[in-house]
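To start, the structure under review is shown below, and the notes come after it.
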Amino acid sequence: MTQQIPQRARRSEGDDTREQILAAARREFSDRGYAKTTMRGIASSAGVDAALVHYYFGNKDKLFAAAVDLPAVPGEVLRHVLDGDPEQTAARMLRTVLGVWDAEAAAGGGRLTALLRSLADDHGPATTLREYLTNQLFARITTHLGSDRPQLRAALCFSQAVGLILTRYVVRAEPVASADREFLVECYAPTLQRYLTGELPAER
């Protein structure tokens, strides 16, 4: 007679495997950066079959979001931001980002605050997160828009977006901290849109 594994034991084993994969992903992303990390490499580091990594997390973008505890999967946010009038890209970006972070702040905001503060650290995970946001999110937007100097534009967008988020959610400087979301979009979108598609001064 075949012995059945209790449901609780199977669930515990699955939880352990998922955490094992997450731990390996954090090491790989920290050591190699996002671009050079592969799902197969994470599987090897975790000592599991690559199919299990895909089973639990789907793709590298979702695994990265889980590994660094992002409140949303950036790739899914990106698709929404890029869908529409190119000259309204900044406004869509700000509405989406502020919507995600407002919801996270309403739920307590502890994860959000820790994540934002980590960007200032000078070690592997923080470096990987900055690289990801600049090169895998903002640079993909500027490249999609066909803008010149996409890397510079991506870095400028990163500085603007992070500055707004830090001011609103960590420093909580008024009146930005309690301002209406659409008001902030109207204030910030023109500058962010110039970084995306407008004319920039010549580099010196």
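For the criterion of being basic (Lys, Arg), more than 23 Å from residue 70 (Cα to Cα) and not in a helix (DSSP H, G or I), residue 172 fails.
All conditions but one from (1) out of contact with any helix residue (DSSP H, G or I) (no Cβ under 6 Å at 6 or more places or on another chain); (2) surrounded by 18 or more Cβ atoms within 10 Å (Cβ to Cβ) apply to residue 156; the one that does not is (1). None of 167, 197, 191 is under 28 Å from residue 62 (Cα atoms) and of a type in the set (Ser, Thr, Tyr) except 167. Scanning segment 159-202 for residues that are open to solvent by 40 Å² or more (accessible area, probe 1.4 Å), touching a residue at least 12 places away in the same chain (Cβ under 8 Å) and β-branched (Val, Ile, Thr) yields 191, 197. Close contacts from segment 44-69, counting a first residue that is farther than 14 Å from residue 129 by Cα and a second that is of a type in the set (D, E, K, R) and open to solvent by less than 70 Å² (accessible area, probe 1.4 Å), with Cβ to Cβ under 7 Å and a gap of 6+ residues or different chains, come to 45/28. Applying the criterion of at least 1 residues that are hydrophobic (A, V, I, L, M, F, W, C), surrounded by fewer than 17 Cβ atoms within 10 Å (Cβ to Cβ) and modelled with pLDDT under 90 to the helices (runs of 4 or more DSSP H) found wholly in segment 34-101 leaves an empty list. Looking only at segment 120-153, filter to residues that are small (Gly, Ala, Ser) and either under 13 Å from residue 192 (Cα atoms) or modelled with pLDDT of 90 or more (or both); which one of those is most open to solvent (accessible area, probe 1.4 Å)? Restricting to residues being small (Gly, Ala, Ser) and either under 13 Å from residue 192 (Cα atoms) or modelled with pLDDT of 90 or more (or both), the top hit is 146.
The values are calculated or read from the model by the stated rules, or taken from the named source; none is laboratory data. Keep in mind that what you see is a predicted model, and the values were worked out from it rather than measured. Glycine gets a Cβ as well: all are built from the backbone with ideal geometry, and neighbour counts include every protein chain shown. Side chains included, ligands, DNA and RNA excluded: accessible areas come from the protein's heavy atoms. Shrake-Rupley method; radii C 1.70, N 1.55, O 1.52, S 1.80 Å.
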